[in-house]
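Working notes for the structure below.
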Amino acid sequence: MTAAPLRVFVSTGEASGELLAADLIGAMRALGATLDADGIGGERLEGAGVRLTERSAGWASMGPLDAIAKIPRLLAVAARTAFALRTHPYDLIVLVDFGAFNLRLARLIRASGSSTPILYYFPPGAWFDDAKRARTVAGVADPLTAFVHQRDFYQSLGLPITCVGHPLVSTIAARPARPLAPPGGGVVALLPGSRAGEVARHTPRMLNALALLREKRPDVTAVLAAIDAGAYASFEELLRLRSPLPVTLVRSAREALAVADAAIVASGTAVLEAALLEVPTVAIYVLSEATAKIARRVYRGTYITLPNLVLDEPVVPEILQEAATPQALADALEAALTAPEEQLADFRRLRAVLGTPDSLERCARFALRLAGR
């Protein structure tokens, strides 16, 4: 007798979470599970065979000030979703990062009386060491982290958590070794991010840096990654309005990184993708000044990019806030193009620390066990 399909609900809120969720769904199916999946997300999740109950485009924010206007809508969606999940139960609920929404959703699900297993995949605040939030996550869900640091923090509080390695180690192979870019040329990938604020603040700086780099490398070209159709149209308009630059638009970070000799990448999961591909990388991040002041009060860490956090070393140059001038970015790109060897060796160390080739499969097996399969 054939087992009934496993009913799964997945909730994401931004591009990186969608990527991780889509890979997890694919890995669960690869293990033989028949899934009937619904969820919150966008094109990538839909492409993984998940029927969308809500589209999350525009939900992600750059700090609390940017989030204020979105709160009423997200609260309404969380309440509506929790009610639906209680009324029509699933076998498993998977929440992926995006704590501002997903943690509230988990609490509402539990408050409704639902006992459906909840997997919190990539619990929020991996590097913030927030005891209150950790206790909340562990109280409503089964947390599965990719980072030893977060596992150790939860365990120091006596909280349950599982760590089986980072799934991107399983899905991203290092590119074949490439020769250095020619002295006057090369290809640079520009990944400004997925949030509207990231696109608005990072893209002009990246394009201005490219123009400066061309003074030293007149044949250098760029590939600019748009996360969706809206970003693609915005980039087309931006490029039309400025002095001509040799920029090709593509629809994914991986497509841009595949051909790049070096990259400027907005801090986030895309920096980790670039590192695992072994693309020489410079990280950028620029918040509004008001949001930056808040960020400095709540986060005192030395680094913000994932490779640096994992290795606790300055592997990727972090060019942030007022330091993120076009000249500084151009200089860092020139260094990455000219002498990438040390950084590439660090990226290989990073892969070994992050996990093993079966990390994604182990995540999928954990999810299936939680669902009783």
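The values are calculated or read from the model by the stated rules, or taken from the named source; none is laboratory data. Quick caveat: nothing in here was measured; it's all calculated off a predicted structure. Positions of Cβ are generated from backbone atoms using ideal geometry, with glycine treated the same way; all protein chains shown enter the neighbour counts. For accessibility, only protein heavy atoms count, side chains too; no ligands or nucleic acids. Shrake-Rupley method; radii C 1.70, N 1.55, O 1.52, S 1.80 Å.
Some observations on this one:
- Residue check for G230: surrounded by fewer than 20 Cβ atoms within 10 Å (Cβ to Cβ), assigned to a loop (DSSP other than H, G, I, E, B), on the phi < 0 side of the Ramachandran plot and in contact (Cβ under 8 Å) with a residue 60 or more places away in the chain: no
- Residue within region 329-343 that is surrounded by 18 or more Cβ atoms within 10 Å (Cβ to Cβ) and either more than 20 Å from L224 (Cα to Cα) or at pLDDT below 95 (or both) present: yes
- Flag if A352 is hydrophobic (A, V, I, L, M, F, W, C), part of a helix (DSSP H, G or I) and under 17 Å from H149 (Cβ atoms): yes
- Subset of region 47-75 [at pLDDT 95 or above and touching a Leu at 6+ places or on another chain (Cβ under 8 Å)]: G49, L52
- Scoring L354 on the criteria (1) surrounded by fewer than 17 Cβ atoms within 10 Å (Cβ to Cβ); (2) touching a residue at least 40 places away in the same chain (Cβ under 8 Å) leaves a single failure, condition (1).
- Filtering region 19-39 to residues that are in contact with a helix residue (DSSP H, G or I) (Cβ under 7 Å, 6 or more places away or on another chain), of a type outside the set (G, A, S), touching a residue at least 40 places away in the same chain (Cβ under 8 Å) and crowded, with 18+ Cβ neighbours inside 10 Å leaves L19, D23, L24, M28.
- So T53, is it within 19 Å of V8 (Cα to Cα) and among the polar types (S, T, N, Q): yes
- Elements of type strands (runs of 3 or more DSSP E) in region 259-326, at least 2 residues being over 17 Å from the mean Cα position of the chain (by Cα): 318-320
- Of all the criteria given as (1) touching a His at 6+ places or on another chain (Cβ under 6 Å); (2) open to solvent by 20 Å² or more (accessible area, probe 1.4 Å), the one not satisfied by Y303 is (1).
- Residues satisfying the stated conditions in region 259-297, i.e. small (G, A, S) and either at pLDDT below 90 or surrounded by fewer than 18 Cβ atoms within 10 Å (Cβ to Cβ) (or both): S288, A290, A292, A295
- Within region 209-224, tally of residues that are over 18 Å from L320 (Cα atoms) and not in a loop (DSSP other than H, G, I, E, B): 10
Each row is one residue, and each column tells you yes or no for (1) of a type in the set (V, I, T); (2) farther than 23 Å from D346 by Cα; (3) in contact with a Pro (Cβ under 9 Å, 6 or more places away or on another chain).
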| residue | (1), (2), (3) |
| --- | --- |
| A146 | no, no, yes |
| L168 | no, no, no |
| G193 | no, yes, no |
| H202 | no, yes, yes |
| A209 | no, yes, yes |
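- Candidates are the residues of region 236-250 that are within 25 Å of the chain's Cα centre (by Cα) and closer than 18 Å to V187 by Cα; the one that is most open to solvent (accessible area, probe 1.4 Å) is T248.
- Output for region 209-226, where each listed residue is open to solvent by 40 Å² or more (accessible area, probe 1.4 Å) and touching a strand residue (DSSP E or B) at 6+ places or on another chain (Cβ under 7 Å): T221
- Of the helices (runs of 4 or more DSSP H) lying entirely inside region 109-208, the ones with 2 or more residues being in contact with a helix residue (DSSP H, G or I) (Cβ under 9 Å, 6 or more places away or on another chain), open to solvent by 50 Å² or more (accessible area, probe 1.4 Å) and closer than 18 Å to L95 by Cβ are found at 131-140.
- Of everything listed in (1) over 21 Å from G17 (Cβ atoms); (2) in contact with a Leu (Cβ under 7 Å, 6 or more places away or on another chain), the single unmet condition for R365 is (1).
- Residue list for region 143-153, filter: out of contact with any Ser or Thr (no Cβ under 6 Å at 6 or more places or on another chain) and over 21 Å from L311 (Cβ atoms): P143
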